[in-house]
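Novice: Structure provided below as structure tokens; questions to follow.
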Amino acid sequence: VRTRVAVVGAGPSGLLLSHLLHTQGIDSVVLERRSREHVESRVRAGMLEQGVADLIRQAGVGARMDREGFVHDGFELRIGDRRHRVSLTGLTGRTVCMYGQQELVKDLIRARTEAAATLHFGVEDVKLHGLTGDAPVVRCTIDGEPTEITCDFVAGCDGFHGVSRRSVPASALSVYEHEYPFAWLGVLARMPPVASELVYSAHERGFALYSMRTESLSRLYLQVAPDDDGSTWPPELIWKELATRLGPDASEVLRPGPILETSVTRMRGFVAEPMQYGRLFLAGDAAHIVPPTAAKGLNLAVGDVRTLAQAFARWYSSGDRGPLDEYSATCLPAVWRAQEFSAAMTWLLHRPADSTGFTERLRRSRLENLVSSRAAATEFAENYVGVSRDRIA
Ligand code: FAD
Ligand code: DHB
């Protein structure tokens, strides 16, 4: 098998990259370890920055997002029992769009399939060879058959636990990593909306977030201990804790429904530099992880593949390798901006187990400053809706 770009992983990064390449007339083969059903039902992120939603529209895959997603122009911040609205449009003129990651994945798989793309699921034993030469080779097993794919480039879009980053010699990568002393218990519940916008709550018992997917599906998160495995959270306790942390007026309208899924996500920051090695380019979670608080993971992944697709387009249209050589340097400032903002928002909203009266008063003062200073709120909102990559490049 021969293709121009071998894409490892059919998460949002790999699928969107393959689609963007297709719109430029560049063929690719996508290799995904899990089944299509698994990939389409994996519940993860839900918030798209306006710039990301715009890119999805421009790429011709935004029709269902526009019909079924919710555009939000602000969110609520609760500090104890106090409610404060952060107006994203008032502060930045921009919005965000709530649309489940797995819905975007479904839309992308459909678009790729309709374009008769080569998309393989259930692919085993992916191994990358010859990355520093001119014609890398990907060996893998497709439908039980050993297969060899010769390509011009490999796009490593296979997430944090994928094979791509691990195919780079350790001496060629610098890794920067931080473990946060928090985890999130995430719940997907059949339940009408509690509020029309997201509610971020900084409660003395810990952080809670109310978010949504559809008119009848809600997504909720609770800060839990970093070693919590979720087993000590029967549904009654989850609802009780959510009601306490989201505050009296939310708990009045909180009508607990069937919990469809729970998961625990440990919080870590991670960046591998550079995001490329020879003819391998890493994008999305394969290159970096952020704690989920600011919902930047998916948005960063889309930013990476936009940059990468443009760089490939330049190479194939004019033979100019400059943008490909600059890929990592172009992405990293945005990655670190998101990393820093995600860290700041995490420390602002979570209560560490080892907090003291002093550290909690510092945190309270930062929250008060955010809700009383337009300058502070503007800086926060700019980062929340997403800083343009052109500005920080
Ligand atoms: P992924 O979505 O991880 O896709 C990688 C794909 O590669 C997967 O389909 C995987 O099966 C495949 N793969 C892996 N190894 C191989 C291999 N060896 N061969 C072939 N294929 C392989 N972000 C937010 O913004 N907000 C959130 O609320 C949020 N919640 C999250 C909850 C969880 C549990 C997790 C894990 C992540 C969450 N994220 C969240 C992060 C966000 O979902 C990711 O940033 C996003 O999925 C990145 O997309 P990706 O395509 O780069 O990677
Ligand atoms: C969601 C997750 C987040 O981390 C966030 O800040 C907003 C929304 C969500 O999954 O809906």
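Novice: Over the Cα atoms of the chain, what Rg and Dmax result, in angstrom?
Specialist: Final numbers for Rg and Dmax: 21.3, 63 Å.
Novice: Moving on. Against the longest alpha carbon principal axis of the chain, how many degrees, from 0 to 90 and to the nearest 10, is the axis of helix 12-23 turned?
Specialist: With both axes taken from Cα atoms, the answer is about 50 degrees.
Novice: A further question on this structure: Stick to the Cα atoms of segment 5-77, pair each with every other, and give me the Kirkwood hydrodynamic radius in Å at one decimal.
Specialist: 14.1
Novice: Another question about this same structure. In terms of Cα to Cα distance under 26 Å, which lysines are near enough to LYS106, apart from those fewer than 8 places away along the same chain?
Specialist: Leaving aside lysines fewer than 8 places away in the same chain, those within reach of LYS106 are LYS296.
Novice: Determine the gain in length on full extension of the stretch GLU236-VAL137; use 0.36 nm per residue of separation and subtract their C-alpha separation, reporting nm with one decimal.
Specialist: Here the segment from GLU236 to VAL137 would lengthen by 30.4 nm.
Novice: Then there's this: Would you please give the FRET efficiency between ARG321 and GLN24, computed as 1/(1 + (r/R0)^6) with r the Cβ-Cβ distance and R0 = 22 Å, to the nearest 0.05?
Specialist: 0.85
Novice: Let me ask you something else. With everything on Cα atoms, drop me the angle between helix 327-349 and the longest principal axis of the chain, reported from 0 to 90° to the nearest 10.
Specialist: Tilt of helix 327-349: around 20 degrees.
Novice: Where does the chain land at 222 nm, in deg cm²/dmol rounded to the nearest 500, when only DSSP H runs of n ≥ 4 count, each adding -39500 (n - 2.57), divided by all residues?
Specialist: Taken over the chain, the calculation gives -11500 deg cm²/dmol.
Novice: On to the next question. For the pair GLU215 and ALA375, what calculated FRET efficiency results from E = 1/(1 + (r/R0)^6), where r is the Cβ-Cβ distance and R0 = 35 Å, to the nearest 0.05?
Specialist: Details: r = 37 Å, r/R0 = 1.05.
Efficiency, from the Cβ-Cβ distance: 0.45.
Novice: Okay, moving on. Going highest first, how would you order 280-289, 299-308, 206-215, 177-186 by mean Cβ packing within 10 Å?
Specialist: Output ranking for 280-289, 299-308, 206-215, 177-186: 280-289, 299-308, 206-215, 177-186.
Novice: Go through 336-349, 154-167 and give me the packing order, highest mean Cβ count within 10 Å leading.
Specialist: Numbers: 336-349: 19.6, 154-167: 22.4.
Result, highest mean Cβ count within 10 Å first: 154-167, 336-349.
Novice: With labels modelled as points extended 7 Å from the Cα through the Cβ direction, what inter-label distance (nm, one decimal) is found for VAL175 paired with LEU260?
Specialist: 3.5
Novice: Using 7 Å Cα-to-Cβ label points, what is the GLN58/ARG391 separation (nm, one decimal)?
Specialist: Label at GLN58, label at ARG391, 1.7 nm between them.
Every number in this text was worked out from the coordinates using simple rules, so none of it is lab data. Fair warning: this is a prediction, and the values are worked out from it, not measured in the lab. We place every Cβ from the backbone using ideal geometry, glycine too, and count neighbours over all the protein chains shown.
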